[in-house]
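What follows is a set of notes on a single structure, which appears directly below.
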Amino acid sequence: MKYGFKAGTQYYKCKDCGRKFAGTLAPAGMRFTTTIIGEAMGLFYDGLSLADISRHLVATEGIYVDPATI
């Protein structure tokens, strides 16, 4: 069932076990979707630096990812 909003993200609560989770397409325990993760991995293996990947994600996806996170 719906369990409220936090920072613009809809949260849900399982009626059976009481577990709370976000209604995003990100894998469990992850903040970003598999598309974003795949894009960052592809750029990394293409030889871009972590700072360049971070700048690319800001320019193309509009999200800031700290280079240390990448």
Give the residue that is surrounded by the fewest Cβ atoms within 10 Å (Cβ to Cβ), with candidates limited to residues of the range 25-41 that are touching a Phe, Trp or Tyr at 6+ places or on another chain (Cβ under 9 Å) and outside any helix (DSSP H, G or I).
-> Ala28
Here the residues within the range 42-70 that are of a type in the set (D, E, K, R) and in a helix (DSSP H, G or I) are Asp52, Arg55, Glu61
Going by the conditions given, is Ser49 surrounded by 14 or more Cβ atoms within 10 Å (Cβ to Cβ) and not aromatic (Phe, Trp, Tyr)?
-> no
Residue within the range 54-69 that is among the charged types (D, E, K, R) and modelled with pLDDT under 90 present = yes
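The values are calculated or read from the model by the stated rules, or taken from the named source; none is laboratory data. Every value quoted in this text rests on a predicted model; they were computed, and no experiment measured them. Cβ coordinates were reconstructed from backbone atoms using ideal geometry, including for glycine residues, and neighbour counts include every protein chain displayed.
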